[in-house]
Amino acid sequence: MISMIMVLNQKGDIMISRQYRDDVGRAAADSFRINVVAAKETGTEAPVKRIENCSFLYTRHLNMYFVAMTKSNVNPALVIEYLFQLIRILKAYLGEEFDETAMRNNMTLIYELMDETMDFGYPQNCAVDVLRLYINLGTAKEKVETEPSQLTSQITGAIDWRREGIRHKKNEVYIDVLESVNLLLSTTGSVLRNEVTGAVQMNTKLTGMPECKFGLNDKLVIDKEKEDRKPGVEIDDCTFHRCVRLGKFDADRTITFIPPDGEYELMRYRVTDNINLPFRIIPAVQEEPSLTKVSINLKVIANFSDQLFATHVVIKIPVPKNTSKTKIKNSFGRAKYEPEQEAIVWRVKRFAGKAECIINAEVDLMPTTRPKPWTRPPIIVEFQVPMFTASGVHVRFLRVYDKSGYHTNRW
C-alpha cells in the first residue's frame, strides 16, 4: 500500500512527510521535484507519475502538493480519494483556505491526524465527526465531552459517521435531487449522445439512531412490486454514501441506511435512456464566402411545463476567434460578446415553461493572412429548473424508523 505521504510547497521543498513503510525514503522527493514540480506538469498530465520504480500520486491545494508514494501495485482511485479526504480533514481543522503558514503553525496537529487516518500504509478512519472527538486541537474541537466507552465504539464501531445521543427539538429531513444534462446534437438536430448525471442531497436533523428507508422510481423495483402503474426509470449505474447498506441494495434494491447528522450526499446516479430534454435549441449559422461575416440565428424552446420556470439561464454561443465586433438582437434577457470566452453570452434570469425566445447576431470578422476553417464548437447552456428532473427520477418515499417511536410528517 502507501509507503509515504509528503506535502511540498510550490518550490518542491518538503513541508511535512510521514513514512509508513521503509521501502521509500525522503530522497525520492528530489525525483518528484525535478520531474513534476520543475517541469510544471500539474494540470496538463495525469496525477500519477512513475519515477525510478516508484509511483507518485498527487493532487494540489492552493500552492501545495499532497503526494503519496508507493512501490506496490495500489488502486490509484483509493490513493487519490485518501488525499482528497486528508485535504477535507485539514480544511475542517485549519479553515477552507489553509496555506503553507497554517500548515507550519500546526505541525503537531497534522502529524496526529496523519497517524490516525492511516496505519502501515492502509487508510483508516477519515470521518471528521469522529476525529474531532479525540483530537482536541484546531477549530474542529467539540465542546461536548464523550465517555471513553462511547469514544471507543465510535473509533472501532461500524457506524463511525454518526455518534449516539444526538437530539433535535424538531425532527426534519430535507431532500434535493440535482441533475446535470449532457447532450450532443448533430448539425441536423438529431441526438448523438445524451445522459443525465444526478445526485441526491440530504440534510438530516433526526434524534437518536434512526434507520431510514429510501425509495426512488427505479424500474427494477417497480417491476417487482407491480403496484405503481407509472413506468419506472432505468438507472444505469449509481454510487452511494458509505452509510448505505449495500448488501440489502444488492438483494432487493432497497436503499436502507442510518443517516449522518447534517448535510451529505446520499447517492449519485446516471441515466441514458428516455431523457426528457428541458430545452430544444434550433441553431442556424451562415458563413459568407468572403470569410468576413457570420450570421447566427438561434431559437430556444422550453419543453417543460408552463407551471415551471428556469432560472439563471446562461447560453454561450461560440464565435470565431478573429471576431472584431457583433450586432445582437434578442427577444428578452441580456446578451453581449465576451472575447475572453470567445462566445456571445446570453443571460436570462427567468425562462417560463413552453416559452420561446430568439436571438440574432451579425458577427464581423477581422481579415487574416492564413484563413482557417471555423470548427464550430458546441453551444453550452447552463440553467436551473426547480421541481423538474430530465431523467424522470423522483423520490417515492422516505420512511424513518426509531426505537423511541416518534412520528414523522410529510412537509
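The values are calculated or read from the model by the stated rules, or taken from the named source; none is laboratory data. Source: prediction; values computed, not measured. We place every Cβ from the backbone using ideal geometry, glycine too, and count neighbours over all the protein chains shown. Areas reflect the complete protein model, heavy atoms only, side chains present, ligands, DNA and RNA absent. Shrake-Rupley method; radii C 1.70, N 1.55, O 1.52, S 1.80 Å.
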Extension length gain for SER295 and VAL345 (0.36 nm per residue less Cα distance), in nm, is 16.4 nm
Karplus-derived 3J(HN,Hα) from phi for segment 361-374 (6.51 cos²θ - 1.76 cosθ + 1.60, θ = phi - 60°), whole Hz, x at Gly and Pro, runs 9, 10, 10, 8, 10, 7, x, 10, 6, 10, x, 10, x, 7
Taking a straight Cα-to-Cα line shorter than 22 Å from LYS403, and setting aside same-chain lysines fewer than 8 residues away, one finds LYS169, LYS170, LYS205, LYS213, LYS248
For the chain, longest principal axis from Cα atoms; helix 107-117 axis from its Cα atoms; angle between them, nearest 10 degrees, is 90
Given unit charges at Cβ for Lys, Arg (+) and Asp, Glu (-), the dipole magnitude of segment 250-351 about its Cα centre in debye, nearest 20, is 860
Counting only protein heavy atoms and leaving out ligands, DNA and RNA, the solvent-accessible surface of ILE296 at a 1.4 Å probe, in Å² to the nearest 10, equals 10
With all protein chains present, the chain has a carbon and sulfur share of its accessible area (1.4 Å probe) in percent of 49
PRE zone check, label point 7 Å out along Cα-to-Cβ of MET107, amide N under 12 Å, scope segment 1-42, hits 15-17
Heavy-atom accessible area per residue of the chain, all protein chains kept, 1.4 Å probe, expressed in Å², is 59
Shape call for the chain, from the Cα gyration tensor axes a ≥ b ≥ c (a/c under 1.5 means rounded, otherwise prolate when a/b beats b/c, else oblate), comes out oblate
If amide H atoms are modeled at 1.01 Å from N in the peptide plane, then the residues at a separation of 5 or more from HIS61, or on another chain, having amide H under 5 Å from its own are PHE66
From the Cα centre of segment 320-358 to that of segment 165-181, the distance in Å is 37
For LYS49, the lysines lying under 28 Å Cα to Cα, once residues fewer than eight places off in the same chain are dropped, come out as LYS11, LYS40, LYS71, LYS91
With R₀ set to 30 angstrom, the calculated FRET efficiency between the beta-carbons of ASP261 and LEU308, to the nearest 0.05, is 0.40
Over the chain, the sum of -39500 (n - 2.57) across DSSP H runs of at least four, divided by residue number and rounded to 500 deg cm²/dmol, gives at 222 nm -5000 deg cm²/dmol
The FRET efficiency for ASN276 and ASP236, from their Cβ-Cβ distance with R0 = 25 Å and rounded to 0.05, is 0.95
For the MET387, GLU45 Cβ pair and Förster radius 41 Å, calculated FRET efficiency rounded to 0.05 is 0.45
Ranked output for segments 382-389, 79-86 by mean other Cβ atoms within 10 Å, highest leading, reads 79-86, 382-389
Among LEU192, ILE282, HIS312, the residue whose Cα sits farthest towards the positive end of the charge dipole of segment 174-317, when +1 is placed on the Cβ of each Lys and Arg and -1 on the Cβ of each Asp and Glu, is ILE282
